[in-house]
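Novice: Got a structure for you, questions after.
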Amino acid sequence: MEDYLRNELVKCMKILHDRGLVSGIGGNASVRLNKNEILITPTGVFKADLKAEDIVKIDINGNVIEGCLKPSIELPLHLSIYKSRSDVNAIIHAHNPYTIGIISAGKKIEPINYEAWKIFKDVPIVEFKPPGSKELADLVAKNIKSKSVVIMKNHGVIAVGSNLKEALYIIEALEEISIMIFVASCLGKITTIPEEYLR
Ligand SMILES: [Zn+2]
């Protein structure tokens, strides 16, 4: 199981990098290995070149159990979510450029398609706090509640799931919707799902 999850984390970071959702050393991901142990991507490593042995094993309090590299600087954020959400087994942090661009411009994630309405209609958006800080970890854990994603202003997004693919889908769907919103706003006015279906 552990080998499988290490490889899934490697694959996940490659997908994020290939899709332009993280650049170089940006972004991070983790999975819950069991009640007390978590696997997380290391900090400072080029994410498209990650190897299974680069993944760091830590305990729920953040102590390194196994690994030569330093865990992601967003480790406090991952831990605070795992501690407050027993349903979460995977967390991904990416820098979705269209999503962050749209939010930075003061626009909303409008119901441009079904997923935008169903999954992202009340997506929590939190104010900027320094990456890696306890303030950011507390703010995200407080806002994620039962949601699958939080947008962090001027930074990126955090998605959670019962497994990595579920969290990856949230990251990808949010960016896909943000691109649709961006294109629609560039070409004219956004047409959303008709009001009668939104009720
Ligand atoms: Zn980041």
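Novice: Taking region 32-77 as the search range and keeping residues that are under 22 Å from ASP138 (Cβ atoms) and among the hydrophobic types (A, V, I, L, M, F, W, C), which one is nearest to the chain's Cα centre (by Cα)?
Specialist: Per the criteria, the residue is LEU77.
Novice: Which residue pairs have Cβ atoms under 6 Å apart, sit 6 or more places apart or on different chains, and have a first residue in region 1-23 that is farther than 12 Å from ALA52 by Cβ and a second that is of a type in the set (Lys, Arg) and within 16 Å of the ligand (Cβ to nearest atom)?
Specialist: Cβ pairs passing all conditions: HIS17/LYS47; VAL22/LYS47.
Novice: Scan region 12-34 residue by residue and report those that are within 16 Å of the ligand (Cβ to nearest atom) and not in a helix (DSSP H, G or I).
Specialist: Kept after step one, since they are within 16 Å of the ligand (Cβ to nearest atom), are these residues of region 12-34: 12-13, 16-17, 19-30.
Selection gives ARG19, GLY20, LEU21, VAL22, SER23, GLY24, ILE25, GLY26, GLY27, ASN28, ALA29, SER30.
Novice: Another question, if that's okay. Would you confirm, using the coordinates I've provided, whether SER162 is surrounded by 19 or more Cβ atoms within 10 Å (Cβ to Cβ) and touching a strand residue (DSSP E or B) at 6+ places or on another chain (Cβ under 9 Å)? Before you say what the answer is, go through the steps one by one.
Specialist: Values: surrounded by 19 or more Cβ atoms within 10 Å (Cβ to Cβ): no; touching a strand residue (DSSP E or B) at 6+ places or on another chain (Cβ under 9 Å): yes.
No, not satisfied.
Novice: Mind listing whichever residues of region 5-33 are farther than 19 Å from TYR169 by Cα and at pLDDT 95 or above?
Specialist: First, the residues of region 5-33 that are farther than 19 Å from TYR169 by Cα: 24-25, 33.
LEU33, the sole residue that qualifies.
Novice: For region 124-137, give me each residue that is surrounded by 17 or more Cβ atoms within 10 Å (Cβ to Cβ) and of a type outside the set (A, V, I, L, M, F, W, C).
Specialist: Step one: filter region 124-137 for residues surrounded by 17 or more Cβ atoms within 10 Å (Cβ to Cβ), giving 126, 129, 136-137.
Residue satisfying the conditions is LYS129 alone.
Novice: Could you go through region 22-45 and let me know if any residue there is β-branched (Val, Ile, Thr) and surrounded by fewer than 16 Cβ atoms within 10 Å (Cβ to Cβ).
Specialist: To start, the set of residues in region 22-45 that are β-branched (Val, Ile, Thr) comprises 22, 25, 31, 38, 40-41, 43, 45.
Filter once more, keeping what is surrounded by fewer than 16 Cβ atoms within 10 Å (Cβ to Cβ): 25.
Looking through region 22-45, at least one residue is β-branched (Val, Ile, Thr) and surrounded by fewer than 16 Cβ atoms within 10 Å (Cβ to Cβ).
Novice: Now, a different point. Those residues that are farther than 22 Å from GLY44 by Cβ and among the basic types (Lys, Arg), I need them from region 119-146; list them, please.
Specialist: LYS121, LYS142, LYS145
Novice: Looking only at residues that are farther than 23 Å from ILE112 by Cβ and either within 10 Å of the chain's Cα centre (by Cα) or of a type in the set (Gly, Ala, Ser) (or both) in region 125-159, which one is farthest from the ligand (Cβ to nearest atom)?
Specialist: SER146
Novice: Counting residues that are in contact with a strand residue (DSSP E or B) (Cβ under 7 Å, 6 or more places away or on another chain) and at negative phi, which helices (runs of 4 or more DSSP H) fully inside region 69-133 reach at least 1?
Specialist: Details: elements: 75-84, 97-104, 114-118.
Result: 75-84, 97-104.
Novice: Something else now. Please verify whether region 77-90 includes one or more residues that are acidic (Asp, Glu) and at pLDDT 95 or above. Even if it seems obvious, please write down each step before you answer.
Specialist: Going residue by residue through region 77-90, those that are acidic (Asp, Glu) are 87.
Subset that is at pLDDT 95 or above: 87.
Yes, region 77-90 contains at least one residue that is acidic (Asp, Glu) and at pLDDT 95 or above.
Results for (1) free of Cβ contacts under 8 Å to residues at least 24 places away in the same chain; (2) surrounded by fewer than 17 Cβ atoms within 10 Å (Cβ to Cβ), shown as yes or no for each residue.
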residue	(1), (2)
HIS95	no, no
ILE119	no, no
ASP122	no, yes
LEU139	yes, no
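Novice: For region 172-199, how many residues are surrounded by 10 or more Cβ atoms within 10 Å (Cβ to Cβ) and either closer than 26 Å to LEU21 by Cα or aliphatic (A, V, I, L, M) (or both)? I'd like the intermediate steps shown before the answer.
Specialist: We begin by selecting, within region 172-199, every residue surrounded by 10 or more Cβ atoms within 10 Å (Cβ to Cβ); these are 172-185, 190, 192-193, 197-198.
Applying the additional criterion that residues be either closer than 26 Å to LEU21 by Cα or aliphatic (A, V, I, L, M) (or both) yields 172-185, 190, 192-193, 198.
So the count comes out to 18.
Novice: Restricting attention to region 74-91, does a residue exist that is within 16 Å of the ligand (Cβ to nearest atom) and acidic (Asp, Glu)?
Specialist: Yes, some residue in region 74-91 is within 16 Å of the ligand (Cβ to nearest atom) and acidic (Asp, Glu).
The values are calculated or read from the model by the stated rules, or taken from the named source; none is laboratory data. The structure presented is a predicted model; accordingly, all values stated were derived computationally and were not measured. When we count neighbours, we look across all protein chains shown, and the Cβ atoms used for this are built from the backbone with ideal geometry, even at glycine.
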